[in-house]
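What follows is a set of notes on a single structure, which appears directly below.
The values are calculated or read from the model by the stated rules, or taken from the named source; none is laboratory data. Since the structure is predicted, the reported quantities are computational estimates derived from the model, not experimental observations. Every residue, glycine among them, receives a Cβ derived from its backbone with ideal geometry; neighbour counts consider all protein chains shown. SASA here: full protein model, heavy atoms, side chains in, ligands and nucleic acids out. Shrake-Rupley method; radii C 1.70, N 1.55, O 1.52, S 1.80 Å.
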Amino acid sequence: MADNKPNRKKSALGRGLGALLQDSPAKNKGEEILPEVQKTGIFELELSQIQVNPFQPRTHFDKEALEELAESIRVQGIIQPITVRKLDQNEYQLISGERRFQASKIAGLEKIPAYVRTANDQQMLEMALIENIQRENLNALEIAQSYQRLLAECNLKQEELGDRVGKNRTTVNNYLRLLKLPPSIQAAIRDQKLSMGHARALINVEDIDKQLAIFKKAIDEELSVRKVEALVKALNEAQPSKKEKPELDPVKKYELNKLQQRLASHFGTKVALKSDPKNRGEIKIPFHSASDLNRILEILEII
């Protein structure tokens with residue numbers, strides 16, 4: 001008996017994860033698993049038991065890339081398990097790994113290895129967003145949208161967000177600024193027709209029409225980031241500086257000051273008198289109580 005135990009252990013380990021999972025008597029029920037599987041936290045779940053993640057930050061999946069992943073799965077199987085949370089008996093919801101999940105369906109698999117975690121909606125959202133940001137090849141716009149959701153829906157501050165995703169605050173802010181761009185530019189970023197570098201240059205153009213004009217030129221002529229930066233710099237340098245308000249003529253200014261003093265003396269309170277070169281302005285007579293207001297009104301012969 002002593003000689004047989006080591007052989008059985010060696011045989012089980014040599015058969016790999018799939019064999020261990022298949023040894024479970026409850027593999028179709030999703031209720032109990034062998035101690036070996038409990039230690040790893042990995043279950044083999046039926047694809048039909050798994051719902052897609054409603055918090056998935058990725059909004060676009062490349063069909064050709066999915067087909068390539070499906071072919072890899074047919075040949076090599078699932079190397080990295082997906083992560084799910086349990087909703088009910090035999091019912092699970094994806095936290096991360098939707099590309100592997102979708103590709104497994106294309107590959108014709110019926111089951112998939114998965115880590116099962118416990119999480120509420122907010123925890124699931126945070127885990128899904130962070131795991132996808134760190135592991136998946138999201139485009140710059142999807143990263144920006146994920147950052148925005150973490151800030152808004154998970155009540156994180158930018159410093160906390162930076163710690164979660166391993167980025168400094170400046171980097172996080174640069175992504176968030178992409179969400180201020182016009183929809184057409186955001187769509188180009190999403191479709192990877194425009195790089196993060198191009199987008200960061202365009203953000204610095206305040207006039208939307210000029211911003212869109214440079215964007216169109218960048219797309220049509222396939223301009224490099226450096227050329228777009230040069231266009232933006234030239235545009236901003238050509239912008240006329242804001243004109244300072246013209247000062248009043250010194251004589252006019254003196255007359256207004258004298259008039260202000262006369263008004264203050266007449267009403268017995270400080271009076272503010274303002275005027276521009278076109279003789280447009282205002283007079284302000286403050287009061288400090290109801291009786292003070294009545295006193296001023298009497299002087300004006302209104303009451």
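Observations on the model:
- Residues in the range 134-148 that are at pLDDT 80 or above and assigned to a helix (DSSP H, G or I): 140, 141, 142, 143, 144, 145, 146, 147, 148.
- Restricting attention to the range 275-303 and to residues that are of a type in the set (A, V, I, L, M, F, W, C) and assigned to a helix (DSSP H, G or I), the residue that is surrounded by the most Cβ atoms within 10 Å (Cβ to Cβ) turns out to be 296.
- Yes/no for residue 230 being surrounded by 13 or more Cβ atoms within 10 Å (Cβ to Cβ) and within 17 Å of residue 183 (Cβ to Cβ): no
- Count of residues meeting criterion [open to solvent by 10 Å² or more (accessible area, probe 1.4 Å) and assigned to a strand (DSSP E or B)] in the range 84-95: 6
- For the range 174-199, a tally of residues being crowded, with 17+ Cβ neighbours inside 10 Å and among the small types (Gly, Ala, Ser) returns 3.
- Taking each residue of the range 142-155 that is over 13 Å from residue 172 (Cα atoms) and looking for partners that are surrounded by 17 or more Cβ atoms within 10 Å (Cβ to Cβ) and modelled with pLDDT of 75 or more with beta-carbon atoms closer than 8 Å, six or more apart or interchain, yields nothing.
- Candidates 251, 172, filtered to the one that is part of a helix (DSSP H, G or I), within 30 Å of residue 280 (Cβ to Cβ) and out of contact with any Pro (no Cβ under 7 Å at 6 or more places or on another chain): 251
- Of all residue pairs spaced 6 or more apart or on separate chains, those with beta-carbon atoms under 8 Å, a first member in the range 68-86 that is in contact (Cβ under 8 Å) with a residue 12 or more places away in the chain and a second member that is open to solvent by 90 Å² or more (accessible area, probe 1.4 Å) are 83/117; 84/117; 85/117; 85/118; 86/118.
- Restricting attention to the range 254-274 and to residues that are modelled with pLDDT of 85 or more and either touching a Pro at 6+ places or on another chain (Cβ under 9 Å) or of a type in the set (Ser, Thr, Tyr) (or both), the residue that is least open to solvent (accessible area, probe 1.4 Å) turns out to be 271.
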